[in-house]
Each structure stands twice: as C-alpha cells, then as structure tokens.
1. Which whole-number percent gives the relative contact order of the stretch 18-147, counting Cα pairs below 8 Å spaced six or more residues apart?
2. Roughly what angle does helix 50-66 make with the longest principal axis of the chain, taking Cα atoms, 0 to 90 degrees, to the nearest 10?
3. Pairing the Cα long axis of helix 126-148 with the longest principal axis of the chain, what angle in degrees results, from 0 to 90 and rounded to the nearest 10?
4. Kindly express, to the nearest 10 degrees and within the range 0 to 90, the angle between helix 19-48's C-alpha long axis and the longest C-alpha principal axis of the chain.
5. Taking N as the number of residues in the chain, what value does Rg over Cα atoms divided by 2.2 N^0.38 Å take?
6. Past 24 Å, Cα to Cα, is the threshold; run LYS24/LYS44; LYS21/LYS127; LYS19/LYS127; LYS21/LYS44 against it and keep the listed order.
7. Quick check for me: using +1 on Lys/Arg Cβ and -1 on Asp/Glu Cβ, what's the dipole size of the chain about its Cα centre, in debye to the nearest 20?
Amino acid sequence: MGTEDRKVKLYDLLPIMDKKKATKFLIYGLLVAIMFGTILMISKSIADNAYTWFLIENQQNKMNYMQGLYGYNDYIEKLERTTLLYYWMDFQVVIVGNIARIGVNIGLFFIVIAFFSFALNDQFDEKSRRIYLILASAILFVIMVTTFFSQIALQIS
C-alpha cells in the first residue's frame, strides 16, 4: 500500500451545487444586490439634493426672521443647525455609499457562485454552460473593476 501522488485540479475545488441550490444563490444574490443598490441610490440622491434643501431651509429661516417670528439669536442658531445638517446630508454618501457598495459586491459574489455552479452542472447542454461561464466571468470582472476603481459612472444624456 503506497501513497499516490494525486494532482488537485482547480476544477475539483470549485463549488458544485445542484440546480435548486444554485438558483437560491442566484435569487438571494439578486435580492441583496438590488437592496443595497437601492440604498446607494437613495443615499446619493440625498447628497445630490442637500444643497437645494439647504437653500430652501435658509430662505425659510430668513423669511421667518424678517417677519419677526423669532429674534436674531434664534435666526443664527437655526442657520447653524441647518448648515450642520446640510454637511451631514452631503457627507453621509461616503459612509452609506461604501457600505452599500460592499453589500452590492457580496450580492454579485453570490450571483457569480450560482453561475459558476450552473456552468459546472452536467444537466445543462454545452451551449448553456458556456453562456453561464461567460456571465459569471463578466460579473466577476465588474466586481473587480468596481472594487479597484470607485469613481466609475455611466451617464446617459
């Protein structure tokens, strides 16, 4: 009884799941990516509209002061509070946005695992398996690019 030297191939290390479990991974990944993507878009919208909100609040504060609804000290206090809140609204996208990006990448990672599992599943024909492998590779590429380059944006005019 000798020991055999067996080479471990990369193919043997990949996660092999059945179709049902891979579909669950795909659905969970989509839900997580959509949820965190929505949080990211809401946060970005708040930051983009923070200055407009500040101008409206400042104008309302000036009008109330000019109408004599409160004194100069209250006017300055409300202006400082409004300015502080404006800075928080503008800055929150840094914190919330980074957390949301991590969540989106986790969701995309679940999707990649699902597509790799579909690509390795013998129940699908060769053409479908190739398509799943291309999809998994494309999503993995998107994860890598968005991780290393955070200021990528697509604008449609």
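Values quoted throughout were computed directly from the atomic coordinates according to the rules given, and no laboratory measurement underlies them. Quick caveat: nothing in here was measured; it's all calculated off a predicted structure. All Cβ positions, even for glycine, are placed from backbone atoms using ideal geometry, and neighbour counts span all protein chains on display.
1. Numbers: 124 pairs, mean separation 50.5, N = 130.
Relative contact order here is 39 percent.
2. Between the helix axis and the principal axis of the chain, the angle is about 20 degrees.
3. Result, in degrees: 40.
4. Once rounded, one gets 20 degrees.
5. Details: Rg = 25.7 Å, N = 157, 2.2 N^0.38 = 15.0 Å.
Dividing the Cα radius of gyration by 2.2 N^0.38 Å gives 1.71.
6. Working: LYS24/LYS44 30 Å; LYS21/LYS127 21 Å; LYS19/LYS127 16 Å; LYS21/LYS44 34 Å.
Pairs exceeding 24 Å: LYS24/LYS44; LYS21/LYS44.
7. Values: 15 positive and 13 negative charges, 102 e Å.
With only Lys, Arg, Asp and Glu charged at Cβ, the dipole is about 500 debye.
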